[in-house]
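Worksheet: one structure, shown below.
The values are calculated or read from the model by the stated rules, or taken from the named source; none is laboratory data. Small disclaimer: the values here were computed from a predicted structure and weren't measured. Quick reminder, even Gly has a Cβ in these numbers, built from the backbone with ideal geometry, and neighbours come from all protein chains shown. These accessible areas exclude ligands, DNA and RNA; they are computed on the full protein's heavy atoms, side chains included. Shrake-Rupley method; radii C 1.70, N 1.55, O 1.52, S 1.80 Å.
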2 protein chains.
Amino acid sequence: MVLDALDRKILAALQENGRMPLSAIAERAGVAPATVHERLAKLRAAGVVRGFEVNVDPHALGYTVTALVHVRVDLAAGLDKTVNELAAIPEVEEVHLITGEYDLVVKVRARDTVHLQELLLTRLHKVPGFVRSATEVCLTSPLERHGPLVKPD
Amino acid sequence: MVLDALDRKILAALQENGRMPLSAIAERAGVAPATVHERLAKLRAAGVVRGFEVNVDPHALGYTVTALVHVRVDLAAGLDKTVNELAAIPEVEEVHLITGEYDLVVKVRARDTVHLQELLLTRLHKVPGFVRSATEVCLTSPLERHGPLVKPD
DNA sequence: AATGAAAGTTGCATGAG
DNA sequence: CTCATGCAACTTTCATT
């Protein structure tokens, strides 16, 4: 799908505030609310807009530890199954297949280091095809946006 | 702030759909809409809810390449300044301070490999205190959630 | 594809329990 | 803290251009 300037204005507004009223977006973009409504429906239908999410502070949920776990897997064992099992873990937030020495990088949230150890030993290291892992612990995360910024140009 | 079962139900509903009407959340949680409204205001005020975001498919915006760039910096040069410059780059989506051989990991979206090279050479490698970097290119990203799942238990 | 108007929902403030 | 009520604001549909 090709995005025009109006589509990008709508997306940029929703990146600022995902619950912004369509009427407010319409005002910003200089069109009628009904137009925004129709555009948004098309963006949804085309898969450009996948959905809307709430941004919750992980600390408030009791998660104080973020870690990036690099995982090497036996690719012969069926990568899909491995990925699906990882994605089904509530504490797993991102799974990427990457180039390089490791095959996957998995972003994990844990309540504390004890919980992290438990996740690693009893969950991540037990997924199908697991070979070994290397973990980087995040001290702070100054930026955690969701998706690249839309340039409304 | 301490979250009770109702708070978690509200957050879980908003994780499914960040634009879900408060009335629908109220029905799911078995309370009045006004109650949800008040709880949400408190969750916002307490910083538990940081905001709402739209989840846009990066491919639709023309970003086909995702990369995790590990960066080693001269910490004496003022880490805050380094982080701020990175966070100001629109193509930068996450910045984490990590333990280990590198100091930062930066998640970047690029239109293509040419754009990635440009970002690395003309932007990331020019931030204050930059020493060296190592880049992992993401082939696919089967899971990209935003925050750990709230368990409504 | 965009609009304005109409009809149906929803959000929000108030006051009461 | 939770809820019921009422009004303002918002979303959605549809006929029109």
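Lys/Arg Cβ at +1, Asp/Glu Cβ at -1, dipole of the protein assembly as shown taken about the Cα centre: which of B:His59, B:Val127, A:Cys138 is farthest positive-ward?
It is B:His59.
Quick one: among B:Asp103, B:Asp80, B:Asp112, which has the greatest mean-square fluctuation in a GNM of chain B with alpha-carbon springs under 10 angstrom?
Largest GNM mean-square fluctuation: B:Asp80.
Only Cα pairs within less than 10 Å get springs; with that Gaussian network setup on chain A, which residue of A:Val95, A:Val48, A:Val71 has the largest fluctuation?
In this elastic network of chain A, the residue with the biggest mean-square fluctuation among A:Val95, A:Val48, A:Val71 is A:Val48.
Please tell me which of these pairs span more than 23 angstrom C-alpha to C-alpha: A:Lys9/B:Lys81; A:Lys9/B:Lys42; A:Lys81/A:Lys107?
Those over the limit are A:Lys9/B:Lys81; A:Lys9/B:Lys42.
Work out Dmax and Rg for the range A:58-138 from the C-alpha atoms and quote the Rg first, both in angstrom.
Gyration radius and largest Cα-Cα distance of the range A:58-138: 12.1, 40 Å.
Could you work out [θ]222 nm for the protein assembly as shown from helices alone, using -39500 (n - 2.57) per DSSP H run of at least four and dividing by all its residues? Round to the nearest 500 deg cm²/dmol.
Calculated mean residue ellipticity at 222 nm is -9000 deg cm²/dmol.
Please report the spacing between the Cα centers of the range B:93-131 and the range A:9-45 in Å, no decimals.
Result: 32 Å between the Cα centres.
List the accessible area buried at the contact between A and B, summed over both sides and calculated with a 1.4 Å probe, in Å² to the nearest 100.
For A against B, buried area totals roughly 6000 Å².
How crowded by other chains is A:12-24, given as the mean number of beta carbons from other chains within 10 Å of each beta carbon?
Whole-number average of other-chain Cβ neighbours for A:12-24 is 3.
Could you state the accessible area per residue of chain A in Å², with a 1.4 Å probe and every protein chain left in place?
Heavy-atom SASA per residue in chain A reads 46 Å².
Restricting the calculation to Cα positions, tell me the Rg (one decimal) and the Dmax (whole number) of the range B:5-45 in Å.
8.8, 23
Return the average number of partner chain Cβ atoms within 10 angstrom of each residue Cβ along peptide A:101-110.
Partner Cβ neighbours, averaged per residue: 3.
Just going by the charge dipole of the protein assembly as shown, with Lys and Arg at +1 and Asp and Glu at -1 on Cβ, which of A:Met20, A:Ala46, A:Val106 is farthest out on the positive end?
Toward the positive end, the furthest listed residue is A:Met20.
Pop out the ³J(HN,Hα) list for the range A:68-74 in order, Karplus 6.51 cos²θ - 1.76 cosθ + 1.60 with θ = phi - 60°, rounded to Hz; leave Gly and Pro as x.
10, 9, 8, 10, 9, 10, 7
Just the C-alpha atoms of chain B: what Rg/Rh do they give, with Rh taken as the Kirkwood radius?
Ratio of gyration radius to Kirkwood radius: 1.09.
Put simply, what bits of the range A:35-66 lose 30 Å² or more of accessible area when the other protein chains are there, versus the chain on its own (1.4 Å probe)?
A:Val48, A:Arg50, A:Phe52, A:Glu53, A:Val54, A:Asn55, A:Val56, A:Asp57, A:Ala60, A:Leu61, A:Tyr63
Could you work out, residue by residue across B:113-126, how many beta carbons of other chains sit within 10 Å of that residue's beta carbon, and then give the average as an integer?
0
Give me the percent of accessible area attributable to carbon and sulfur for the protein assembly as shown, probe 1.4 angstrom.
53
State whether the protein assembly as shown is rounded, prolate or oblate according to the following rule on the C-alpha gyration tensor (a ≥ b ≥ c being the square roots of its eigenvalues): a/c under 1.5 gives rounded; otherwise a/b larger than b/c gives prolate, and the remaining case gives oblate.
Judged from the Cα gyration tensor, the protein assembly as shown comes out oblate (a/c at least 1.5, b/c at or above a/b).
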